[in-house]
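Report on one structure; see the data block that follows.
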Amino acid sequence: MLASAQFTLDENHFANRYDDWLKHRAVWRPYAVPIWLTCMVCGVASWLILPRFRLMSVMVVAFGLWQLGSGLRYRRRYIRGMLARQFAGQTMEFRFHRDRIEIATTAGEASMPLADFGSVVPGSQGFFLIPHIKGASHYIPCEAVEPAEAYESLVQHLQAGIISLEQSSGNSLLQDVRPEGDQTRSEDGL
C-alpha cells in the first residue's frame, strides 16, 4: 500500500472541496460575479444613454442584482446542500495501492482499478480523483493522507499511472463502456 486517507464528510471537508473546485476545476463559476457586475453596469449605462429603454434598463439591473446575490451565496448553498444529503457525516477511508484504490465507508467497501479513473487534479488543499465514466469525483484532502510525506509522491504516482494506462490501452476503455450496438464514432475515434 502506498498511502491511505481517512476523513469525515463534514462542513470543513465540503468547504475545502468547494474552494479547490472553484480554483482548479470550475469553468464558468469563477467569472459569475464579474459577469453580473458587468450586466449591472450595462443596465445603468443604458438607463443614462437610452432614455426610451428605461424599463429594459431596470430589468437588466434587477437581473444582474439577483444573479450577483445568487453567485455570492453559492458557496454557502453548496455546503448546506451537501450537509443535507444522507452521506454527510460518514467517515471515508481510501487505501491507495499501485494498481487500485480501495474505498471504505460506513455503507460498505469497494475496490476500483486505477484504470477506472480518467484524471487526477491537484488542488491547494487536496486532490480530485475523476472517473472515466461520468459520475461524482472524489476529493481527498491533503491533511488526511498518511503518511503525510507521501502526499506529493502519491499524486504523482496516480497521475503517471493514469496517463500510462491511457497510453497503453488507447481508447479501448472508453469503447468498452458503450452499450452494445452503439457504433457511433467521432473523428477522433471516441
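The values are calculated or read from the model by the stated rules, or taken from the named source; none is laboratory data. This one's a predicted model, so the numbers in the text were calculated from it and none came from an experiment. Cβ atoms come from the backbone with ideal geometry, glycine included; neighbour counts cover every protein chain shown. In case anyone asks, the SASA skips ligands and DNA or RNA and just uses the protein heavy atoms, side chains included. Shrake-Rupley method; radii C 1.70, N 1.55, O 1.52, S 1.80 Å.
Structure notes:
- Residues whose amide H lies under 5 Å from that of residue 126, counting only those 5 or more places away or on a different chain, are 142; hydrogens are built 1.01 Å from N in the peptide plane.
- Cα centre as origin, Lys/Arg/Asp/Glu Cβ charges: the chain dipole, Debye: 1360 debye
- Based on DSSP H segments of at least four residues, each scored -39500 (n - 2.57), the chain has a per-residue ellipticity at 222 nm of -15500 deg cm²/dmol.
- 3J(HN,Hα) from dihedral phi, segment 127-140, Karplus parametrisation 6.51/-1.76/1.60, rounded to Hz, x for glycine, proline: 9, 9, 9, 10, x, 4, 7, 3, x, 6, 7, 9, 10, 10
- Between helix 11-24 and the chain: long-axis angle, C-alpha atoms, 0 to 90°, nearest 10: 80 degrees
- Which label in (1) 404; (2) 186; (3) 119 gives the computed volume of the Cα convex hull per residue in Å³: (2)
- The amide H of residue 3, built 1.01 Å from its N in the peptide plane, has 96 as neighbours under 5 Å, considering only residues 5 or more places off or on other chains.
- Between 100, 52, 85, the GNM of the chain built on Cα springs shorter than 10 angstrom shows 52 fluctuating the most.
- The apolar share of the surface of the chain, taken as the fraction of accessible area on carbon and sulfur atoms (1.4 Å probe, ligands and nucleic acids excluded), comes to 58 percent.
- Label-to-label distance for residue 150 and residue 102 is 1.2 nm, based on points extended 7 Å past Cα in the beta-carbon direction.
- Segment 105-118 - phi-based ³J(HN,Hα) in whole Hz, Karplus 6.51/-1.76/1.60, Gly and Pro as x: 10, 5, 7, x, 10, 8, 10, 10, x, 4, 5, 6, 9, x
- Average accessible surface area per residue within segment 23-134, 1.4 Å rolling probe, Å²: 64 Å²
- Positive-end residue of 24, 158, 119, charge dipole of the chain with Cβ unit charges: 24
- Summarising the amide proton neighbourhood of residue 119: residues at separation of 5 or more, or on other chains, whose placed amide H is nearer than 5 Å comprise 130.
- Percent RCO, i.e. relative contact order, over the chain, from Cα pairs under 8 Å lying at least 6 residues apart: 24 percent
- Shape call, segment 44-134: gyration tensor on alpha carbons, a/c limit 1.5: prolate
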